[in-house]
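S.K.: I am attaching a structure below and will ask some questions about it afterwards.
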Amino acid sequence: MKVLPAGTLVGHIAVPGDKSISHRALLIGSLCEGDVHVRGFGRSGDTEATLGAVRTLGVQVEEIADDELVVHGVGLRGLAAPSSPIDCANAGTLLRLLTGILAGQRGRNELTGDESLRARPMDRIAEPLTRMGAKVKTTNGRAPVTIDGADALRGIDYTLPVASAQVKSAILLAGINAAAGARVRRRPSSVSVEPASSLRLDEVVVPGDFSAAAPFIVAATLLPGSELTIHDVGLNPRRAGLLDVLERMGARVSVYNRRKLGGEWIGEVEVHSAELIGTEIGPSEVPILVDELPLFALAAAFARGASVVRGAGELRVKETDRIETVTDSLRTLGVRMRARDDGFEVRGVPSRPRGGAMRSNGDHRVAMLGAVAGLVSREGVEVGGADAVAISFPGFFELLDSVSRR
């Protein structure tokens, strides 16, 4: 797909429901007693995989609308082990969280996925679950994964070796088989849970996905004359770190009508184009914008001065090695950038890069990066494997085209 240069981004948009919360709504809803109404469900290739997985485990899910579901929960230990492997497709969140859930279920379950998912590390999940009493067998540290559940898991104290919401969630889900209707205690640097006899969760309202909004925020910042408003965006501070980074780079991004919806902060994000200056991102900041680091690299290419990312080695075990994929792709388009072991460096030039061609290699974040790069380039960008965006955002290109002015 060839993405042509744009002049500005102008308009008002909303993005699909948060993918991470949509996954968790289906998984936790499956373990509840009674029905769980999910509104704002973010439908994508990844969340469709989760929908298919819970149905394979015997859970009935009623689809009221494209973004509205009713999950008929089967109770804490009511999942039924299927006779064949459960296909997690490309969904890393599903693979890891479901491993945690199945650690406390009766029977043997096998989880697998596509080639990309089968290359991602699973020992970081298997090790703490094994300590809790589950039998989790990986394939050379990766999927397929076989789980022989235990009726009674042992509680453990566990320090994450790598900051990962997926690992943390898997352990919490194994500890109580869910995180709704159970006693949860949060401290600044830790979370503890206690077992529950049953779970109830009447409704989940899913906010707009910040990661889906991020390409639009970056594109509107870089294209002169842009004025874009994104409505009902999730603003959880542990997920929206890109806003803080862009602010110190000089971006003109405002948040208004900030409010809570279903326990999550949401609001409207208004973006105006701006000139940027380079900045550094260190290990402590990486976890709150890890999925947006490819877009940060493009923003840094337009900034005056150098920008550096350190402590982002986790990018190497995403859908692709995103350090190498992003560096190679953007350099091909004319960006001055080099890879580091745990991040990258960008030498910014406040002018449009040439453009050219790049491939997503099946990585949805890289495909969206290519699209934004095309908009802000001089000659456009041919994005190979552009259909990978459907993994997280099926309507991405249509929405982007609706606000692009050429």
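S.K.: Calculated FRET efficiency, Glu33 and Ser402, Cβ-Cβ r, R0 56 Å, to nearest 0.05?
M.R.: The pair Glu33/Ser402 has a calculated efficiency of 0.85.
S.K.: List every residue whose amide H lies under 5 Å from the amide H of Arg120, counting only residues 5 or more places away in sequence or on a different chain, with H placed 1.01 Å from N in the peptide plane.
M.R.: For Arg120, whose amide H was placed from the backbone, the distant partners under 5 Å are Ala143.
S.K.: Let me ask something else about it. Given the C-alpha centroids of the range 10-80 and the range 306-360, what is the distance between them in whole angstrom?
M.R.: Using only Cα atoms, the two centres lie 34 Å from each other.
S.K.: If you don't mind, there's one more thing I want to ask. Long-range amide H contacts for Arg336: which residues qualify at under 5 Å (H placed 1.01 Å from N, peptide plane, sequence gap of 5 or more or a different chain)?
M.R.: Excluding prolines and chain starts, which carry no amide H, the hits are Arg347.
S.K.: Given a 1.4 Å probe and heavy atoms of the protein chains only, how would you sort Arg24, Arg378, largest accessible area at the top?
M.R.: Largest to smallest exposure gives the sequence Arg378, Arg24.
S.K.: So, one more: Can you tally the net charge around Ala306? Count Lys and Arg as +1, Asp and Glu as -1, for every other residue whose Cβ sits under 12 Å from the Cβ of Ala306.
M.R.: +2
S.K.: While we're here: For a protection proxy built on the mean count of beta-carbon atoms within 10 angstrom, sort 49-58, 288-297 highest first, please.
M.R.: Descending mean neighbour count gives 288-297, 49-58.
S.K.: Turning to a different aspect of this structure: Ranked highest first by the average count of other Cβ atoms within 10 Å around their residues, in what order do 367-373, 272-278 fall?
M.R.: Result, highest mean first: 367-373, 272-278.
S.K.: Order of 346-357, 59-70 by packing, highest average Cβ count within 10 Å first?
M.R.: 346-357, 59-70
S.K.: Right, next: How much of the pair distance distribution for the chain lies past 37 Å, counting alpha-carbon pairs only, in percent?
M.R.: It works out to 21 percent of all Cα pairs.
S.K.: Sticking with this one: I want to check the label-to-label distance for Arg118 and Glu203. Put each point 7 Å from Cα in the C-beta direction and report it in nm to one decimal.
M.R.: Distance between the two pseudo-spin positions: 4.3 nm.
S.K.: Hey, another quick one. Label-point separation (nm) for Arg77 and Asn236, each offset 7 Å from Cα along Cα-to-Cβ?
M.R.: So the two model labels end up 2.9 nm from each other.
S.K.: With each pseudo-label sitting 7 Å past Cα toward Cβ, what's the Arg142-Glu227 distance in nm, one decimal?
M.R.: 5.0
The values are calculated or read from the model by the stated rules, or taken from the named source; none is laboratory data. This structure is a prediction, so every number in the text was calculated from the model and none was measured. Don't worry about glycine lacking a Cβ; one is built from the backbone with ideal geometry, like all the others, and counts go over all protein chains shown. Just the protein is used for accessible areas: all its heavy atoms, side chains included, with ligands, DNA and RNA removed. Shrake-Rupley method; radii C 1.70, N 1.55, O 1.52, S 1.80 Å.
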